[in-house]
Each structure stands twice: as structure tokens, then as C-alpha cells.
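So the structure is just underneath, and the comments pick up after that.
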Amino acid sequence: MTLDLKKIAESYRAKVEDRRVIVCAGTACVANGALKLIDALKAEIEKAGISVRVDVHEENKTKKDMYLSKSGCHGFCQQGPLVTILPEDIFYVRVKPEDAAEIVEKTLKNHQIIDRLLFIEPADGKHAKSHDDIVFYKRQKRVSLKESGYICPEDIEEYISEGGYEGAKKAITSMTPDEICKLMLDSGLRGRGGAGFPTGKKWQFTLVNKSDVKYVVCNADEGDPGAFMDRSVMEGNPHAVIEGMLIAAKAIEATNGYIYCRAEYPLAVKRVRKAIEDARSLGILGKNVFGAGLSFDIEVMEGAGAFVCGEETALIHSIEGQRGMPTPKPPFPAKSGLFGKPTVINNVETLACVPLIMRNGAEWFKKLGSPTSAGTKTFALTGHVANTGLVEVPFGTTLREIIFNIGGGVTDDQGKPMPDGFKAVQIGGPSGACLTPEHLDIPIDFDTVKAYGAIVGSGGLVVMNKTTCMVAVARFFMQFTQSESCGKCVLCREGTKQMLAMLDDIMRGDADEETLVKLEELALAVSQGSLCGLGKTAPNPVLSTLKYFRHEYEAHVIKKKCPAGQCKALCAPEIDPAKCKGCTLCAKKCPVNAIEGAPGKIHKIDSEKCIKCGVCKETCKFGAVI
């Protein structure tokens, strides 16, 4: 018997009230008190005599005045907890449980807007009433993230009411595997995990390898520092990932699926597991899916958080119970993958795009992006930028658009606007590279950024202002990749260790010009000779900073000076006479008595005695120590 998705959708819509209060329950908002806020809102709504429903499937079917629900991540994490009120489309930010009474009294009962809870645009100081009024949202193109900030991630019926599983039903009941693979190939969908390999082609390679057992694996091992794209999709719209896996299963004739997610994502794991259980209960997973003869089920495997397990062969070994270490290819997973069987591995964002392509067609998806990179891409925007969070834009969008328009511009270390402060942006995480002001107007897609020595990667974007030391940035990422190296191949294991040691020497003032030569030679050797893709890309932050910021490296090794003033060993502090008040606080705190000066008089630092510990700079209340 074929599952009637339309009937489920109609039944759900009949239960749900038009008036709705949605509280973001993504990780960031939950950490800031979103669940307590939900409890407070429910209590205040009931206190006001308004009938409210927090579960549309509760036994009492009588229509209520209001539906109070949770959603996944809206992307505007620094402004959370977030509250959306429908149908008025009022959007409140940084809402606390203490605000619940005022929201109920003024907004829900008397239809008044609370200005202090609205977002204020940094550019003009105006209050924004809804999502559509906020530049951060209206300059994005939210496709894979669209439902994440609206639907309840723990309600399969709401997902179905938005067209969910219609794509999977179409694929499983009326399309051949070859037709599905061709559709994905025609759409131009490329892997969002970093490599950008055509998804349809990967599926075709797996389809031609005949086997009684095949696997679809979702790579949710998101290990880049600061990246949370996949986590947000799994928390906010887990059924999109499951539906994408179902379509992939039909395309390659798979029998089993795994979602490999790092254990550091407990909320994502919890919601994905519930989504799988709910899909099983409706017969969407299991035997004879949609009555079309396909039997396919999914298990969740929690990883221990090893960065290298994002590499597909290491991930496979981890699921098999072995140590997560990569192996040479060929054979590729399409021929011999999990447990030696043909396997397709796609990341979360890639799989979430699949149902949308099935619903809307290949041409629709191709029109969203650039000629060589179709569709949209999510980026985790962090660093010295006004609006941090998760953004989704079409491929071909420029860095300038993302950083200065969506991101609201560059800021200083205190978060204040720094209009001319942009220095660099790290794209692609530890495997990526730093780009400079001259790259702000290049279109961001797989092939364009590669020409500049960078990669799109999984989607990390770290913005840096002019106070940033680029040598320190390279060291940060090198320390990460060195500690995360699985140790299997010598070049990665020992090469990253030696590169890190050389960067330490440079920052301490113990290096010379020959160190730069050796550092570059070693970086190239590691990139060419490492076993897996992670080892090959580990030197990218070093190579890109050497290419675009070599003058900073040379200042460290030749002049023994850090131009950004961040490397303590190379920064001899000075006192600005115009700012010094003669308070004597710095002199009292100096551990080696290197500061001289009478109370009320301008002080001086004895550079011979100074050990460059930075205490004087931290102590001075007037910014006189530079």
C-alpha cells in the first residue's frame, strides 16, 4: 500500500493554528536559554487566558488560539534566542525568559511591537520588524536552510506538509536509477563537503558496480574549527537529509545507510535519530518503501571527533570499528567501500539539496549558481565581522557581498565598526587559504577560488582585520592539522610537526631568512606527498600567507618585529607621551622594574630590561602603551 503523503499534509494543516510563535531551538539559542524561554512563554500565554498548543498531535483536537513551536537554526546565532511571531512576521532578537510577559501582553494580546527586542541595523540604526527587513537575511538566497528556521525539526508531518518526501516518492516509484543519476548530473550538483566532485557522476560510478549489498553514507563529521553548517541542517531539518539518502539509495540500488556524526553534536544526533524513528513508523524507511520494492534503512554512528574521519576512507574504517586512518585510492568507495561493498558518501548539505532538485528540477537548481558551480552554498561567517552566523548564497557571490553587505562590515576587537580594517579572510578552514582585499570581488565558486590557491571547502569563512598577525593565523591552523594528523604517512606526521616548529621560531624571533625557504619547501613537499586529501591541503594556510603576506614573515625574521603587534616576543612596548597620565600603575605591575617615571610625569620603558611580557599594555587604562 502506497503512503498517501498528501493526506498526511492535509491532516497536519487542519491541526495547526494560523497564529504561531516560533522559538529558535538550534544549539546556540538553546545554550542562551531558548528552552527556558519556551516554558516562560507557555506559562504567560496560559496566564493571559489564551489557549496554546505546544504539540499539534496532542489528544485534544480542538482548535487553539495559538501554536508555540520550536525551529532549527535561523543562522543569526549571535542575536539569539530568536522569536518569530506569525502571521505578522515579527522577529525578535536576544529574547530572555523575563521578556515573555511583555511579549504576551503587548504583542500577542494588543498587537504592539516591542522596539527594544527588534534588531537594529548597524549601518543606519533603524529597527527591523521582520526577517525581510534585515540586510543579513534579505541579501541571502536561503534554499537548503529555508525550512530550518520555520518548521519543527521533530515533526515529520510538518516536513511532509511542506512537500517533504514527495521527491523520494517520485524517485522510488516512477524513476529508474539511471534517470535519477542523470537528473543530478544535469543539475550540476557538486559535493558540498570540500572536493566539489559531481554528485551524479559519483552515483553513476557506484550504480554500475553490482552487489547484493550497497551503502549510502552521510558524512556529518564536520571538523573544521568554527564550521557548523551541517550541524545546523541536521538540527533544523533532519528529514531533508534522510530524504536525500533515500533518493541516493534508489539511484545506486543501496540496501543500507549510515549517518556518521561527531559525538560533539548531541542535539543533531538526537533529532536525526528521532527523524529516523518517525520515518520508520510511517514506512518511509524499512522494507518495501512506498510499496515499490525498495528496502532501505539508516543507522546513526557517532564518531569520536577526529578531523581525519572527514576523509571518506578514514570514515569508512571508523564505521567498521577500525582506527580512522585513510587508505590509498583506488579502489574508490564506489567499487569497494564500507565492508568492502560499493558505497556512496555525500555530506549533509549535498544530501539536503537532492530533494529540492527532485521537486523543482535540474534547470531550477542550475540557475541559482554560477556556470561551473550550480546552486547555493552555506558559509559559517565568523571573525572580525559585524554579523556572524550561518549564511546561504548562490555560488558566484563575491566575498565583498558576503563580508560587507550580509556580514555588515569589518569590526575591531571590541566589535566596533572598522570601515577600512579588512585584511584577509580564511576560506575553507584548515585545508583552505587566506585571501586578501584584491580578491574581494572574485566570484566564489569551486573553480575560481582554486585558481587563487584556495578551496571552498565545507564553507568556513573567518574574517580578519588589520590587527591580525598572519604568521599567527598560519600557526593556528598548522597546530590544528598537526594535532589532528592520524600519523599514518611520514610527510604529514613529521612535516606538519616541523612546519609548526618553524612557525614557532618565527614568532619567537629565533628564525632567519633560510627558515622561510625551508618552510616553503617543506610545505610543498607535504602537499605533494601526503597520503590523503587532508594531508595534501594541510599546508595551504602557510603557502597562501607566504604568497600574499610574505612581507610580514620577513618583518618577523629580518627586523625581528611583528607588524601587527601580536607576537609578544617581537613587540617591544613603548609609551605614548600624549596618552600617558603618570598614574604609575604600569610601573607597579612590571615584573622586572623596566618602567621609570615619577607620579604625574610621563613614564618610559627601558628596552634593555624589558622582557616583552605585555603586562604593561594589559594594565594601562589609557591605551598609552603601544
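The values are calculated or read from the model by the stated rules, or taken from the named source; none is laboratory data. From a predicted model like this one, the values you see are computed outputs, not experimental measurements. Backbone-built Cβ (ideal geometry, glycine too); neighbour counts: all protein chains shown.
Condition check ((1) assigned by TED's automatic domain parsing to the domain that holds Gly487; (2) aliphatic (A, V, I, L, M); (3) touching a His at 6+ places or on another chain (Cβ under 9 Å)) across all residues:
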residue: Glu253; (1), (2), (3): no, no, no
residue: Ala279; (1), (2), (3): no, yes, yes
residue: Gly283; (1), (2), (3): no, no, no
residue: Lys287; (1), (2), (3): no, no, no
residue: Thr313; (1), (2), (3): no, no, no
residue: Thr327; (1), (2), (3): no, no, yes
residue: Thr350; (1), (2), (3): no, no, no
residue: Cys353; (1), (2), (3): no, no, no
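Restrict the check to the stretch 281-291 and report whether at least one residue is of a type outside the set (Gly, Ala, Ser) and in a helix (DSSP H, G or I). Among the residues of the stretch 281-291, not one is of a type outside the set (Gly, Ala, Ser) and in a helix (DSSP H, G or I), which makes the answer no.
Taken together, the residues in the stretch 415-470 that are in contact with a helix residue (DSSP H, G or I) (Cβ under 6 Å, 6 or more places away or on another chain) and either part of a helix (DSSP H, G or I) or among the polar types (S, T, N, Q) (or both) amount to 4.
If you check Lys210, Lys138, which single one turns out to be surrounded by fewer than 17 Cβ atoms within 10 Å (Cβ to Cβ), farther than 25 Å from Ala362 by Cα and either at pLDDT 90 or above or outside the structural domain of Gly533 (by TED's automatic domain parsing) (or both)? Break it down stepwise before answering.
Numbers: Lys138 fails: farther than 25 Å from Ala362 by Cα.
Criteria check complete, one pass: Lys210.
The set of residues in the stretch 339-364 being over 19 Å from Ala171 (Cβ atoms) and surrounded by fewer than 22 Cβ atoms within 10 Å (Cβ to Cβ) consists of Phe339, Gly340, Lys341.
Among the residues of the stretch 1-24, not one is in a loop (DSSP other than H, G, I, E, B) and at pLDDT 95 or above. Counting only helices (runs of 4 or more DSSP H) that sit completely within the stretch 126-188, those holding 1 or more residues that are farther than 26 Å from Val344 by Cα correspond to 135-138, 156-161. Looking at the structure I just gave you, is Arg323 surrounded by fewer than 21 Cβ atoms within 10 Å (Cβ to Cβ) and assigned to a loop (DSSP other than H, G, I, E, B)? Spelling it out, Arg323 is indeed surrounded by fewer than 21 Cβ atoms within 10 Å (Cβ to Cβ) and assigned to a loop (DSSP other than H, G, I, E, B). Go through the residues of the stretch 454-468 one by one and say whether even a single one is at pLDDT below 90, more than 17 Å from the chain's Cα centre (by Cα) and either buried (at least 18 other Cβ atoms within 10 Å of the Cβ) or farther than 27 Å from Pro326 by Cα (or both). Yes: one or more hits. When Gly495, Gly535 are checked against the criterion of being more than 27 Å from Pro563 (Cβ to Cβ), under 22 Å from the mean Cα position of the chain (by Cα) and either assigned by TED's automatic domain parsing to the domain that holds His317 or part of a helix (DSSP H, G or I) (or both), a single residue qualifies: Gly535.
Considering (1) in contact with an Asp or Glu (Cβ under 9 Å, 6 or more places away or on another chain); (2) basic (Lys, Arg); (3) under 27 Å from Phe290 (Cα atoms), the lone condition that Arg13 does not fulfil carries the number (1).
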